[in-house]
1. Taking the Cα atoms only, what angle lies between the long axis of helix A:140-155 and the longest principal axis of chain A, rounded to 10 degrees?
2. Describe numerically, in nm with one decimal, the distance between label points set 7 Å from Cα along Cα→Cβ at A:PHE273 and at A:LYS214.
3. Can you give the average number of partner chain beta-carbon atoms within 10 Å of each beta-carbon in peptide A:251-262, as a whole number?
4. Along each of the three principal axes of the Cα atoms of chain B, give the extent in whole Å, ordering the values from largest to smallest.
5. Cα gyration tensor of chain A, axes a ≥ b ≥ c as square roots of the eigenvalues: rounded (a/c below 1.5), prolate (a/b > b/c) or oblate?
6. Take B:ARG302, A:ARG269 and order them by how many other Cβ atoms sit within 10 Å, fewest up front.
7. Rank the residues A:SER242, A:SER210, A:SER216, A:SER248 as a footprinting-exposure proxy: fewest other Cβ atoms within 10 Å of their Cβ go first.
8. Given R₀ = 41 Å, what would the calculated FRET efficiency be for B:LYS82 paired with A:MET36, taking r from the Cβ atoms and rounding to 0.05?
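We did not get these values from a lab; they are worked out from the coordinates using the rules stated. From a predicted model like this one, the values you see are computed outputs, not experimental measurements. Don't worry about glycine lacking a Cβ; one is built from the backbone with ideal geometry, like all the others, and counts go over all protein chains shown.
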Amino acid sequence: MQNSDILTLNNQSLPPDLGLPPAEDIDAELLDNETMWDRIKIMLRKNKLAAASFVVIVLMCLAAAFAPFLTPYEPNKTSLKDRLAPPSREHILGCDELGRDHFTRMLYGTRVSVMIGLLPTSVAMIIGTVLGLMAGFYGGKIDFVIMRLADVVLAFPSLLLAMVVSYTLKGGIISIFLALAAVKWARTARVIRAQTLSMKEKEFVEAARSLGVKKSTIMFRHILPNCLPNLIVLLTLNIPESILDEASLSFLGIGAQPPSTSWGLMVFRCKPFLFEYPWLAIAPGVAILIFVLAFNFLGDGVRDALDPYLKD
Amino acid sequence: MAKYIIKRILVAFPVLVAVSLILFIMLNVVPGDPVTVMMREHIKPELIEVFKERMGLNEPIFVQFGKYVLNALRGDFGMSYKLKRDVSALILEAFPHTIKLAIYAALVAWFIGIPAGIFSAVKQNTLVDRAFMSFSLMGVSLPVFWAGLLMQYLFAFKLGWLPVTGYYSPKYYVLPAIVLGWQSAGTIARLTRSNLLEVMKNDYIRTARAKGLGEAVVVVSHALKNAMLPVVTMMAMQVAGLLGGAVMTESIFGIPGLGRITVDAMGTRDMPLLQGSVLFITAIIIIGNMVADLLYAFLDPRIRVE
């Protein structure tokens, strides 16, 4: 901790308005053998908002996993006598136009968002990482082909490309999976390629090469671990984006199909009742907002914490 | 500069061609042929073949693509299956509505985003900063369609201040512009803030302060000029995005712009209209990004050197 004391002292001894930025708490605690994870832990301790967001995300994931235990109702069981019932003790958020418990359907909808947030994003990022590593490492024609393809994908507005893909595949959750994966790999590939290019020139890669280590081993054992901070930051950007994209596509009727549930689809289905039964359309939107906001707050904190690694 | 411009255009052109090829292939391999969509179910199977032949659907896909591109270059994007009208006419009808919405939204984004970013940077790590940044992060996290519905409920239905949907006078554009602009404002505020903070670390800012200049002068006339470079580029890119990308907002507020016809074409499986509008939107965005790059190079000579 001596290190940090000196830093704070130095900072205090300077006249206040010399234009120097205040030594950030996180940097002050940076020690030589600190890992990326230590920095994230320190950030979570300092940044209350990010910590709270982390808790919210964990809670929502748990709610998705244990949905059947958290509610006495079935998500698809209709009951005409409860049609458009207002919120009450039995039905916290009331019932929808088919008398299904709204809260229950929202709980089950969490599953779609968690899945969409994680699965296509991970697939896209794995593909993007492998392609980015190859492009950066091999260079030449491979690099040219992969990067021009990435340029083309990035030229499309992502929601439109996802729309066209779901059009081709006739809608449904699976087509959203594929659509999002098809759109999201390109950015990862671009970032990982840039990182690979700078890593390729480093001594440790040179050393591995002169020892005759296989190319694939150099790529995946030596270069890939150094891309981890970039990948984590990309993940924090991609997850909330995917969740929002799924919600938008489902809202347009080309995502999740009834009777399955998804927050976006629920807003879409309850739109006609907006003026008489506003809570029906508003509640799922609140869920989307909270979930996405939590990811963005956490992502912001993580980005700040990993900043020194990214400049490498 | 001229060399840079030419280089940048040469990069954009192949991308545009590739985009249209990919789009064409994706939309033309769809199972279920357009003739059935056009004629609905009650058509004799023999007639389907006749129509397919007449529409050139039996030719190899690359020949079809070649014809499509040649026609598109002459402004002919084919005829809408459902509306039985020229796709280019439909696009040209929709575009002015989108332009109007994009301008209003951009104004909202700039008038909120830039001052918010400056304030946050000047008051870094204070309550004001946190509030502005949370607000802008909220803009980025907001599902646009839901924000639209919420505003319709609140300002149109409950308070009755503004109309719910439509496009008849500027009043109708207030809610859509706020919904759409908030999102862009968030991005602009964050970019302005981080760039300004970066620039404020420079020696010349310290010199300006040492000369005894007031903080406002230092920020506005010394720091802001350099900090705004990337923001201006972002603004240009956003306008391109707004021109093409107001899909959700237009559908919710019933504005018959480009986004709206794209969604409608999707719903009715009207392939030529979908293809034409997506291609048009993508072209706008590609060209917009190119303009943004050129603008950046024009404003910052350092870019041109490499």
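1. Tilt relative to chain A: about 40 degrees.
2. 5.9
3. What the average comes to for A:251-262 is 2.
4. Result for chain B: principal-axis Cα extents of 87, 57, 29 Å.
5. oblate
6. B:ARG302, A:ARG269
7. Listing A:SER242, A:SER210, A:SER216, A:SER248 from fewest to most nearby Cβ atoms yields A:SER210, A:SER216, A:SER248, A:SER242.
8. 0.15
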